[in-house]
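The values are calculated or read from the model by the stated rules, or taken from the named source; none is laboratory data. On a predicted model such as this, the values are computed, not experimentally measured, just so you know. Glycine gets a Cβ as well: all are built from the backbone with ideal geometry, and neighbour counts include every protein chain shown.
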Amino acid sequence: MRGHAEQGILAADGEKAGLLSDTHAHICDAAFDADRIEVLERARNAGVAVVIAVGETLADAQKNIDLAKTHPMIRPAAGLYPTQLSLERAAEMHTFIRKHREELIAVGEVGLDYWAVQEEAQKEQQREIFGGFVALARELDLPLNVHSRAAGRHTVEFLLRHGAARVQLHAFDGKSAAALPAAEAGFFFSIPPSVVRSEQKQKLVRRLPLESLLVETDSPVLGPAPHVRNEPANIRLSLKAIAEIKGISESQAVGAVCENTRRLYGDIP
């Protein structure tokens, strides 16, 4: 276990590289309503400067916008979760994103989910909705923060076919072979703290180039232990795992991840 002094050194290295960003967190979730201020303070103490707040619904998108007004480290995103199979809700989200373009850092989360949606007719509707968000993100020059549960290869092929340009694939659960064409296209893959207990995530980190990796928490889920609330401060566990798997120092992992984040999202801290 590393001491506070060494963590401070790592945080300082992070500062030189642009500070850390949790690139995918549901900080608007009700699980944080009772202690969100304390959660964000713990993240700050862990060297996190930015939390990209993704959403699943229009209500989430509005809450993220509102939270960002009182918590400067929160950068809001807006998207429709793939199980929201409604063209009407998708159109409403498009209108919201256009209206708040200057306040948003990304379109997300959006994507495909073939674990929850298994009927072909519903999959087709899901693809239609996702395609609309891909086109909108390109039009507005916003990154896509993408969900791809049980649909990794399909999502990568869809994104490449539709000319997606600025892409983060969050918590990718597909085979590493399916991820490689996305990495070659310049897409990024964000690694959650659950990497410490997931052989699939460890293999993904091993196979992908360091230049393709970001870190996320997907708070309040995908923490180091199942069924325990995750939070942005745990981003350090993702970094430690990346460093160990890649055979580099944690400060090198911080520097690389910060540079990758800057390449996708710009100078956000």
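The requirement of being closer than 30 Å to residue 35 by Cα and hydrophobic (A, V, I, L, M, F, W, C) is satisfied by residue 169. Summed over the range 92-138, residues that are loosely packed, with under 13 Cβ neighbours inside 10 Å, out of contact with any Leu (no Cβ under 9 Å at 6 or more places or on another chain) and in a helix (DSSP H, G or I) total 6. Number of residues in the range 243-268 that are in contact with a strand residue (DSSP E or B) (Cβ under 6 Å, 6 or more places away or on another chain) and crowded, with 19+ Cβ neighbours inside 10 Å equals 4.
This table checks each residue for (1) more than 20 Å from residue 149 (Cβ to Cβ); (2) acidic (Asp, Glu); (3) touching a Pro at 6+ places or on another chain (Cβ under 7 Å).
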| residue | (1), (2), (3) |
| --- | --- |
| 199 | no, yes, no |
| 202 | no, no, no |
| 210 | yes, no, no |
| 213 | no, no, no |
| 216 | no, yes, yes |
| 221 | no, no, no |
| 243 | yes, no, no |
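For the range 63-91, a residue qualifies if it is polar (S, T, N, Q) and surrounded by 17 or more Cβ atoms within 10 Å (Cβ to Cβ), and exactly one does: 64. Exactly one residue among 198, 190 is among the hydroxyl-bearing types (Ser, Thr, Tyr), at pLDDT 95 or above and touching a His at 6+ places or on another chain (Cβ under 8 Å), and that residue is 190.
The set of residues in the range 151-172 being more than 20 Å from residue 263 (Cα to Cα) and touching a helix residue (DSSP H, G or I) at 6+ places or on another chain (Cβ under 6 Å) consists of 152, 153, 162.
What number of residues within the range 189-225 are more than 16 Å from the chain's Cα centre (by Cα), closer than 21 Å to residue 178 by Cα and part of a loop (DSSP other than H, G, I, E, B)? The qualifying residues number 3. Of all positions in the range 73-82, none carries a residue that is within 27 Å of residue 180 (Cβ to Cβ), of a type in the set (A, V, I, L, M, F, W, C), at pLDDT 95 or above and assigned to a loop (DSSP other than H, G, I, E, B).
Is at least one residue of the range 246-259 in a loop (DSSP other than H, G, I, E, B) and either in contact (Cβ under 8 Å) with a residue 60 or more places away in the chain or at positive phi (or both)? Break it down stepwise before answering.
So the first thing to find is which residues in the range 246-259 are in a loop (DSSP other than H, G, I, E, B), and the list is 247-249.
From what is left, the residues that are either in contact (Cβ under 8 Å) with a residue 60 or more places away in the chain or at positive phi (or both) are 247.
Looking through the range 246-259, at least one residue is in a loop (DSSP other than H, G, I, E, B) and either in contact (Cβ under 8 Å) with a residue 60 or more places away in the chain or at positive phi (or both).
Within the range 151-165, if we keep just the residues that are within 17 Å of the chain's Cα centre (by Cα) and outside any helix (DSSP H, G or I), the residue that is farthest from residue 266 (Cα to Cα) turns out to be 151.
Being free of Cβ contacts under 8 Å to residues at least 40 places away in the same chain, farther than 25 Å from residue 97 by Cβ and touching a helix residue (DSSP H, G or I) at 6+ places or on another chain (Cβ under 6 Å) narrows it down to one residue among 180, 144, 204; which is it? Testing whether each residue is free of Cβ contacts under 8 Å to residues at least 40 places away in the same chain, farther than 25 Å from residue 97 by Cβ and touching a helix residue (DSSP H, G or I) at 6+ places or on another chain (Cβ under 6 Å) leaves just 204.
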